[in-house]
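Report on one structure; see the data block that follows.
The values are calculated or read from the model by the stated rules, or taken from the named source; none is laboratory data. Treat the numbers as computed from the prediction; the structure is a model and nothing was measured. Ideal geometry is used to build each Cβ from the backbone, glycine not excepted, and the neighbour counts take in all protein chains shown. Heavy atoms of the whole protein, side chains included, go into the accessibility calculation; ligands, DNA and RNA do not. Shrake-Rupley method; radii C 1.70, N 1.55, O 1.52, S 1.80 Å.
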Amino acid sequence: MLDKMLNILLNEDELGAVVRAHILIEQYIDHFLSLAVIKNDYLNKMSIDFSNKVKLAVALGLDEEIYKPINSITSIRNKFAHRADFKLDSSDVKSFYDSFTAEDRDGIQDIISNNPDRPAGLADKYSRLSIKEKLVVMVILLAIRIESEVKYELEYALEQIGGSQGSNDA
């Protein structure tokens, strides 16, 4: 799915790429929250803005290292939302890049250089990418990180279910 999203985001203009990217990240945060809480229906009844969803997700176990990159892409999205003439520039993308850990920055390069499904025409080094391409690749890495947190949360929930069933059998 993320390879498909990579292609979709790369084919959007800057505004479309940023908005769709933020929607993708929010969907992953929502999925994490739905797995992390016991009564998901109450979560759905709450009016929680995106910023507070992210804080709640971190409070419930989402890796705090991805809090800064999420805030960074949100900041970029907000610039588009409040300035009709906004254009991505290298300082926005650099701030986004700098918000990742060193390990995640290595992961960004891996998405480009070691991805057999890398779209045709996408450079094989981060430094050779356009500003928009850099943003899109970082969003994909962020989505991968959140997706791994979702998988971890799901595995934990399944362990808890398995453990409680085992104790009932005794």
**Report entry** Packing-based order for 64-73, 107-116, using average beta carbon neighbours within 10 Å, highest first
**Finding:** 64-73, 107-116
Query raised in the report: How large is the accessible surface per residue of the chain, computed with a 1.4 Å probe and reported in Å² as a whole number?
Result: 57 Å²
Query raised in the report: Considering only protein heavy atoms and a 1.4 Å probe, what is the carbon-and-sulfur percentage of the accessible area of the chain?
Result: 50 percent
Requested in this report: With a ≥ b ≥ c taken as the square roots of the eigenvalues of the C-alpha gyration tensor of the range 71-153, please select rounded if a/c is under 1.5 and otherwise prolate if a/b is larger than b/c or oblate if it is not?
Outcome: oblate
Query raised in the report: Taking the chain on its own, what percent of its Cα-Cα pair distances exceed 25 Å?
Result: 37 percent
Query raised in the report: Cross-link partners among lysines for LYS132, C-alpha distance below 18 Å, same-chain residues fewer than 8 apart left out?
Result: LYS4, LYS79, LYS87, LYS94
**Report entry** Distance (nanometres) between label positions extended 7 Å along Cα→Cβ at ASP85 and ILE131
**Finding:** 1.4 nm
Query raised in the report: When the helix-only estimate is applied to the chain (DSSP H runs of n ≥ 4, each -39,500 (n - 2.57), divided by the residue count), what is the mean residue ellipticity at 222 nm, nearest 500 deg cm²/dmol?
Result: -24000 deg cm²/dmol
Query raised in the report: Which of the helices in the chain, when you take each full DSSP H run, stretch at least 24 Å along the axis at their Cα atoms and have an average Kyte-Doolittle score of -1.0 or higher?
Result: 14-36, 131-169
Requested in this report: Using a Förster distance of 30 angstrom, determine the FRET efficiency expected from the C-beta separation of ILE161 and ILE48, and round it to 0.05.
Outcome: 0.70
Report task. Compute the FRET efficiency between THR101 and ASN40 as 1/(1 + (r/R0)^6), taking r as their Cβ-Cβ distance and R0 = 30 Å, and round to the nearest 0.05. Result -> 0.50
